[in-house]
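Please treat every number below as a calculation from the coordinates, not as lab data. It should be emphasised that the depicted structure is a prediction, and the values quoted were computed from it without experimental measurement. FYI the Cβ positions are ideal-geometry reconstructions off the backbone, even for glycines, and counts take in every protein chain you see.
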């Protein structure tokens, strides 16, 4: 058994070193520059190390920006620029908030309530997690994913699940409900980038609040199908027998009335949700809420948290989030977006709209390995729209394909929402890849079989 384990470990290291080595053999030219090649070598190396879990998370997170810097690829201020990103500090605030809610007992109370209302079964809990994410995003304009992650984590704990495929499926459901819904719900951050890009080729263009749902709403159906397939594959009927609704109703009743700490925690969550809802109108960054509201728990007179809470925060994950965001920053610095569009235009010239649409989606999927969704939309929306016009296609549809591809992923680092859920430690990497892989297949097939024909029928493309 030990020999087999050593052989597997050796094989993973060999693959992690061989693939970047092969990239290093690719000749450079005016498009594929030496800087781009070095970027791909370093990024692919660390991505494989992360995927195979060959190094501790903190070490892998520290390794990536360090290699970007010591290799001479970019200066230190670029390699570590992600630490100034609001997302990193939002995640830290979200982790702190979840620790506070768990410590005071509110997370458990909410979890028992949700499970009992969803029938008290595992299957009900899975769809409960999914709809929690959707509901929070609806009322917060897609800024509710951090709160959703904490609530889903609470449900896993309430069901006494250890890190496993069962806990992973609950987290997967919560993530596609929250983060996944950003491709078809109103998300001001995405809308601003998309609108600015399309206006350069279609000057009078204005996005309505249901524009993304009009194009990508079928994604909701594809997500439900993914959950149904995984529930069937995991044979969850056996799990349903372990959980009876009256058990969770009793557990919820046994908690008694809200404690003083829980009341303050409820107030904190409500203030945060109201702030997130109002940020669309006040133009204050959503990050402020996650950075400041959890700190109230430590103020005199409230005191629902103490310094022991900070010892429970998964700080390696904060480093991991920062490192992953750095991929997009460094990629933009070395010209990855321009390289991708320079490759795309000659390949798509003269192709049918269907072939071009599939190609746009594949370019988006590739970009998602090296850029964050915001970086993708910020760096690729304009060239994608320009290419669409040159091909005689609707630029809005092409940019919506790019947005759609933001959720076709395999690894946690490709999306802040998935990273956050992964940070709670309830999703083994192998299960994460399998679940996201199934979703990716369904989304690609769903686009070809359902979405594109529907767009064609309605005149969107």
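Summary of values
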read-out: Stretchable slack from residue 232 to residue 258, in nm (0.36 nm times residue separation minus alpha-carbon distance); value: 5.6 nm
read-out: Between 0 and 90°, nearest 10: helix 106-117 axis offset from the chain longest Cα axis; value: 90 degrees
read-out: Sum of -39500 (n - 2.57) over DSSP H runs of 4+, divided by residues of the chain (222 nm, nearest 500); value: -22500 deg cm²/dmol
read-out: Most to least packed among 202-215, 178-191, 17-30, 110-123 [average Cβ atoms within 10 Å]; value: 178-191, 110-123, 202-215, 17-30
read-out: Cα-based Rg / Dmax (Å) for segment 1-79; value: 14.5, 50
read-out: Sites residue 157 and residue 345, calculated FRET efficiency, Cβ-Cβ separation with R0 30 Å, nearest 0.05; value: 0.05
read-out: Helix 57-70 axis, angle to the chain major axis (alpha carbon atoms, nearest 10°); value: 30 degrees
read-out: Proxy reagent accessibility, fewest Cβ within 10 Å first, across 291, 400; value: 291, 400
read-out: Pair residue 283, residue 201: separation of 7 Å Cα→Cβ label points (nm); value: 2.8 nm
read-out: Between segment 120-136 and segment 23-83, the Cα center-to-center distance that results, in Å; value: 38 Å
read-out: Rounded to 10°, Cα long-axis angle of helix 218-233 versus longest principal axis of the chain; value: 60 degrees
read-out: Simple spin-label estimate for residue 83 and residue 454 in nanometres, 7 Å along Cα-Cβ; value: 4.5 nm
read-out: Kirkwood hydrodynamic radius over Cα pairs of segment 135-215, then Stokes diffusion coefficient at 20 °C and 1.002 mPa s, in µm²/s; value: 150 µm²/s
read-out: Extension gain (nm, one decimal) between residue 313 and residue 131, 0.36 nm per residue minus Cα-Cα; value: 62.9 nm
read-out: Pairwise label distance in nanometres, residue 164 with residue 71, each label 7 Å out on the Cα-Cβ vector; value: 4.0 nm
read-out: Cα-based convex hull volume of segment 33-142 per residue, rounded to whole Å³; value: 173 Å³
read-out: q = 0.17, 0.23, 0.29 Å⁻¹, segment 109-166: log10 I(q)/I(0) [Debye, one scatterer per Cα]; value: -0.51, -0.89, -1.21
read-out: Kirkwood-based shape ratio for the chain, expressed as Rg/Rh from alpha carbons; value: 0.97
read-out: Segment 168-202 versus segment 290-340: alpha-carbon centroid distance in Å; value: 20 Å
read-out: Average silhouette area of segment 331-435, convex hull of alpha-carbon atoms, in square nanometres; value: 6.9 nm²
